[in-house]
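**Student:** Pasting a structure below so you can have a look.
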Amino acid sequence: MKKRTTIYDIAKALNTTISTVSRALNNSDLISETTKDSVRKMAEELNYRPNKVASSLSSGKTYIIGVIVPSAQIHFFSSFISSLELSFKRAGYSIILYQSNESVLSEQNGIATLLEAQVDGIIISPSLETTDFSHLNKVHEEHKALLVFDRIDDRVNAPKVAIDDERAGYLATAHLIDAGYQRIAYVSTASTIKIFEDRFLGYTRALQEHSLAIDSRLIIREGMSIESGIRATRQLLDLSARPDAIIGGDDFTALGILNVLHDQQIDAKEIGVVGFANQTFSAYINPSLTTIDQQAEKMGEESARLFLAMLQSADPLVLSDTRIVLDPILIVRDSTKK
């Protein structure tokens with residue numbers, strides 16, 4: 001195998017000292033620009049690559065952040081990751097991405113794997129299966145920074161970044177009421193994760209404030225997926241008093257809802273539909289989907305800013321009480337034009 005180029009090789013080629021090469025590569029003010037240019041040029045000619053392992057051993061930092069998401073295929077999470085990574089790159093950090101695929105066991109394995117990789121900290125959005133957050137304590141035990149985004153929970157001792165999910169549920173429901181819909185069904189997950197409980201609270205509050213009854217037959221909390229949306233809509237359409245609007249727990253659930261309505265030739269004037277997350281496809285399906293935008297890019301920027309502040313502190317728990325709450329944005333499209 002070809003021997004890896006080191007700073008010793010660069011120093012020998014330039015007939016200078018190792019300390020001079022090291023300082024030049026680290027852009028030290030003690031080294032002239034002429035010397036820096038010579039060292040950089042020789043480093044490029046010799047195909048020099050910094051030894052990050054050796055660097056991390058001396059500094060105690062790897063400049064790598066672990067990120068755990070339920071699924072990178074979901075537009076919200078992919079947009080968050082893109083924004084987060086861009087902010088970290090500017091600060092000289094890289095990320096390692098781990099998908100839990102909505103499995104608490106996979107999430108626990110992800111925590112262990114990232115800690116073994118010696119990441120400087122972990123940013124996580126918990127899985128739908130997660131009800132016990134004790135495995136996150138391992139991050140603190142390793143004296144690493146921890147941040148929770150989107151699916152936040154008060155039981156986790158860490159800074160949090162999310163939208164106002166209670167307001168999101170309220171906005172979706174109030175919009176339907178203002179558009180003239182009266183019997184509004186709610187199809188979402190049975191997960192007790194706080195954001196889903198908050199959205200449901202927003203839904204019920206909007207109904208109560210507009211003097212509309214909360215009908216348990218119109219509430220189906222069994223899952224979020226295209227298939228869940230299809231099953232729930234068929235069940236709702238079998239009711240003697242059908243809903244005239246349906247809120248889906250996410251855009252995929254809403255897509256399943258629209259699929260059934262299309263098959264039965266029911267349009268938005270008869271039954272309106274709202275989703276959550278503003279997936280890319282939501283603007284291009286027919287009818288285009290009214291949805292709640294969760295400000296994924298802004299959430300990524302705020303998470304990176306807060307996390308970098310934590311990394312600069314000697315105490316990773318110093319900002320544990322910090323909570324950043326972003327406003328949800330209602331995107332009105334054709335699926336709610338009564």
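**Student:** Among 214, 184, 219, which is the only one that is under 27 Å from the mean Cα position of the chain (by Cα) and of a type outside the set (S, T, N, Q)?
**Tutor:** So the residue among 214, 184, 219 that is under 27 Å from the mean Cα position of the chain (by Cα) and of a type outside the set (S, T, N, Q) is 219.
**Student:** Shifting gears a bit: Among the residues of the range 233-252, write down those that are surrounded by fewer than 21 Cβ atoms within 10 Å (Cβ to Cβ), among the charged types (D, E, K, R) and in contact (Cβ under 8 Å) with a residue 12 or more places away in the chain.
**Tutor:** Scanning the range 233-252 gives 234, 242, 244.
**Student:** What's the total number of residues in the range 129-160 that are in a loop (DSSP other than H, G, I, E, B) and within 16 Å of the chain's Cα centre (by Cα)? Quick ask: steps written out before the conclusion?
**Tutor:** We begin by selecting, within the range 129-160, every residue in a loop (DSSP other than H, G, I, E, B); these are 129-133, 142-144, 150-159.
Now restrict to residues that are within 16 Å of the chain's Cα centre (by Cα): 130, 150-153, 158-159.
Total meeting the criteria: 7.
**Student:** Take residue 295 and tell me if it is modelled with pLDDT of 95 or more and surrounded by fewer than 18 Cβ atoms within 10 Å (Cβ to Cβ).
**Tutor:** no
**Student:** I've got another one for you. Using beta carbons and a limit of 6 Å, which pairs, at least six apart or on different chains, have the first residue in the range 158-178 and more than 24 Å from residue 81 (Cα to Cα) and in the same structural domain as residue 205 (by TED's automatic domain parsing) and the second one of a type in the set (Ser, Thr, Tyr) and at pLDDT 95 or above?
**Tutor:** 169/203; 173/203
**Student:** For residue 15, state whether it is modelled with pLDDT of 85 or more and exposed (fewer than 13 other Cβ atoms within 10 Å of the Cβ).
**Tutor:** Criteria met by residue 15.
The values are calculated or read from the model by the stated rules, or taken from the named source; none is laboratory data. What you see is a predicted model, and the numbers here were worked out from it, not measured in a lab. Cβ coordinates were reconstructed from backbone atoms using ideal geometry, including for glycine residues, and neighbour counts include every protein chain displayed.
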